[in-house]
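The values are calculated or read from the model by the stated rules, or taken from the named source; none is laboratory data. Given the structure is predicted, the values throughout are model-derived calculations rather than measurements. Quick reminder, even Gly has a Cβ in these numbers, built from the backbone with ideal geometry, and neighbours come from all protein chains shown.
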Amino acid sequence: TDYGVGIDLWSAGCILAELLAGRPIMPGRTEVEQLHKIYKLCGSPSDEYWKRSKLPNATLFKPREPYKRCIREVFKDFPPSALSLIDTLLAIDPAERKTATDALNSDFFSTEPRACDPSTLPKYPPTKEMDAKRRDDEARRLRAGNKAPGEVVKKSRRDRPRAMPAPEANAELQANLDQRRRIITHANAKSKSEKFPPPH
């Protein structure tokens with residue numbers, strides 16, 4: 001398959017529709033069911049689309065009955081600017097989804113009421129590993145700053161430097177690996193009759 005901007009635009013259309021709907025818009029459990037749900041909402045691909053398809057046996061997934069596109073009917077309660085953008089982003093043919101610049105120039109991003117000011121959004125503590133690590137490190141620094149002069153701050157196991165093997169240990173390890181390779185090579189060189197002697 002060809003990965004291009006059309007795939008990302010499709011994803012953005014799904015996410016935007018799901019955010020506005022408050023639920024998954026095409027919840028398929030299998031690949032075949034997923035395709036069926038896509039066709040049912042977005043319409044069947046055109047015959048030209050199937051002819052251009054580079055996937056082997058792609059026509060096996062062609063629906064028996066053609067589906068009519070019904071995005072505007074299903075999401076009729078969405079704001080018109082959002083509906084127009086979603087309708088474009090969820091085009092079956094990636095070429096009809098246009099470009100990311102076209103999507104960003106959509107009326108959706110310039111129609112009132114606009115998105116709220118970021119400062120009015122609720123603040124949540126970070127949940128990602130790196131954010132949590134940064135938060136823990138900051139708390140550790142604050143605790144260390146509150147220690148009395150001369151008091152030693154105990155390092156956690158995670159903060160201690162890791163042991164690095166000495167060069168001679170690496171040389172010994174390499175010699176051991178070389179010896180194992182020679183043994184394995186020698187063992188593989190034996191004929192089948194040597195490996196499996198006949199029963200007596």
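With a requirement of 2 or more residues that are exposed (fewer than 13 other Cβ atoms within 10 Å of the Cβ), the helices (runs of 4 or more DSSP H) lying completely within segment 41-134 that satisfy it span 47-52, 100-104. For Met130, the conditions (1) within 30 Å of Gly4 (Cα to Cα); (2) at pLDDT 80 or above; (3) not hydroxyl-bearing (Ser, Thr, Tyr) are fulfilled apart from (2). Figure legend. Inter-residue proximity from segment 13-32: first residues more than 12 Å from Leu85 (Cα to Cα) and free of Cβ contacts under 8 Å to residues at least 12 places away in the same chain, second residues part of a loop (DSSP other than H, G, I, E, B) and not aliphatic (A, V, I, L, M), beta-carbon distance below 7 Å, spacing 6+ or different chains. Indicated pairs: Glu18/Pro24. Under the condition of being modelled with pLDDT under 95 and not acidic (Asp, Glu), which residue from segment 1-14 is surrounded by the most Cβ atoms within 10 Å (Cβ to Cβ)? Going through the qualifying residues, I end up with Gly6. Pro161 versus (1) modelled with pLDDT of 75 or more; (2) farther than 30 Å from Ser84 by Cβ; (3) assigned to a loop (DSSP other than H, G, I, E, B): which is the lone unmet condition? Checking Pro161 against (1) modelled with pLDDT of 75 or more; (2) farther than 30 Å from Ser84 by Cβ; (3) assigned to a loop (DSSP other than H, G, I, E, B), the one that fails is (1). Summed over segment 34-93, residues that are under 30 Å from Pro113 (Cβ atoms) and among the polar types (S, T, N, Q) total 3.
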